[in-house]
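Asks: I have a structure here, written as structure tokens, and I will follow up with some questions on it.
Just so it is clear, none of the values below were taken in a lab; they were calculated from the coordinates. None of the values given here were measured: they were computed from a predicted structure. Quick reminder, even Gly has a Cβ in these numbers, built from the backbone with ideal geometry, and neighbours come from all protein chains shown.
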Amino acid sequence: MITSKLPNVGTTIFTQMSQLAAEVGAINLSQGFPDFPAPVALCEAVGKHIALGHNQYAPMTGLPALREQVASKVASFYGRSVSADSEVTITPGATEAIFCALQAVVRAGDEVIVLDPCYDSYEPSVELAGGRCVHVPLALPGFSIDWQRMTDALSPRTRMIILNSPHNPSGALISRAELDWLAALIRDRDIYLVSDEVYEHLVFDGVGHVSVLAHDELYARAFVVSSFGKTYHVTGWKTGYVVAPPALSAELRKVHQYVNFCGVTPLQWALADFMAAHPEHLAELPGFYQAKRDLFCDLLADSRFRFTRAAGTYFQLVDYSAIRPDLDDVAMSEWLTREHGVAAIPVSVFYREAPRDLRLVRFCFAKREETLRQAAEKLCAI
């Protein structure tokens, strides 16, 4: 009998809920992917590069043209000049990037602070590196950092802190003041950061994304991770990137080259072409998704769900305590899917120990208007 290295890990909740939605014919607002097409020019570019024969290995660090586009974007949005050669690495998805960053610096016995609720890939990656997660709950109802708990969680074994902003599942944002606070807290400690910023361009209401890339002190010890999949509506392409100082990038690449070696070549060519030809896409993205958020929230205004509009990401949390307070959020998500035809994600799965009275589920609004209207009609009928 094999002894599992991840004994507490099973099939992800995202797979479970998507499968259940398919089985019962429910509208799937659980897993975070668009149901609308990617930009036509981007898709056409893939075919063009396949036809041109760009079908062999890309460089391990990513195509130079795409790394240059990332470096240009970082300079434009965050005011940081980074080397496309030594500070930008293209990866097969943000999850692989996070995994490689953790493997690069976390050693047996190290502690990694994660802020609950947190994305489900963090802890298994830490455990496979021989480390241990220290879970610090975010303060409710706004999912802000509890600085006293963060301070108390630090120890001589703390090796890394994982940040996520815009935050999945809540949509909450980290402020510049909070980054300054964090910098002061870890200034004299040998602690590294992973900053998961995959939803960096999905920030609403005129508020700009606050990136670790724009913070000199924190960037010096950070792996900043983002996702082309989220930004260009192509989650199935599983293409992301890491920006990190040269010494950290070198360590990450040592791991990356033995995990996937490189990303998919024609997809990288297509993304490089599209980024160069359509810089307006990034500027238009916040408004594009804010319109979807506002439509979905407006449609739910007369429902029995309570909510505060998400500040970022393409997820909306809703409180269902006025509807079925007797159900925990896992049971509620299954009930919504089976009985009312709309699939959601329970928020408790993002915690090690969720608050007992938590009555929140997460809906994805990265959907066509028709999909959102159909879903909202079913939810308002409850």
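Asks: At R0 = 51 Å, how high is the FRET efficiency between A331 and A184 if r is their beta carbon distance? Nearest 0.05 is fine.
Replies: So, using R0 = 51 Å, E works out to roughly 0.75.
Asks: Once you wrap a convex hull around the alpha carbon atoms of the range 236-382, what is its projected area averaged over all directions, in nm²?
Replies: For the Cα atoms of the range 236-382, the hull's average projected area reads 12.3 nm².
Asks: Right, something else. Over 17 Å, how big is the tail of the calculated P(r) for the range 153-278, in percent of all Cα pairs?
Replies: That tail contains 64 percent of the Cα-Cα pairs.
Asks: Suppose the chain between S121 and R107 were pulled fully straight at 0.36 nm per residue; how much longer would it get relative to their current alpha carbon spacing?
Replies: My answer for the length gained is 3.3 nm.
Asks: Taking just the alpha-carbon atoms of the range 1-120, what radius of gyration and Dmax come out, in angstrom?
Replies: 19.6, 54
Asks: Using mean Cβ contacts within 10 Å as the protection proxy, how do 120-128, 184-192, 343-351, 260-268 order, highest first?
Replies: Ranked from most to least packed, the peptides come out as 343-351, 260-268, 120-128, 184-192.
Asks: Taking Cα centroids, how far is the range 314-348 from the range 25-69 in Å?
Replies: 33
Asks: Something else now. Which of the peptides 332-338, 226-232 is most tightly packed, and how do the rest follow, judged by the mean count of other Cβ atoms within 10 Å per residue?
Replies: Answer by packing, highest mean first, reads 226-232, 332-338.
Asks: Let me ask another. Which semi-axis lengths, in whole Å and largest first, follow from the square roots of five times the eigenvalues of the Cα gyration tensor of the chain?
Replies: Largest first, the chain gives 31, 27, 20 Å.
Asks: Please list 13-19, 316-322 highest first by mean number of surrounding beta-carbon atoms within 10 Å per residue.
Replies: For the peptides 13-19, 316-322, the packing ranking is 316-322, 13-19.
Asks: Which value in Å is the Kirkwood Rh of the range 103-225 over different Cα pairs?
Replies: Evaluated over the range 103-225, this radius sits at 14.6 Å.
Asks: Follow-up. Taking Rh as the Kirkwood radius computed over C-alpha pairs, what is the Stokes-Einstein D of the range 67-171 at 37 °C in a medium of viscosity 0.692 mPa s, expressed in µm² per second?
Replies: In µm²/s, the coefficient rounds to 214.
Asks: May I ask you to compute the full-extension gain from M1 to K378, defined as 0.36 nm times their residue separation minus their alpha-carbon distance, rounded to one decimal in nm?
Replies: Answer, rounded to one decimal: 131.0 nm.
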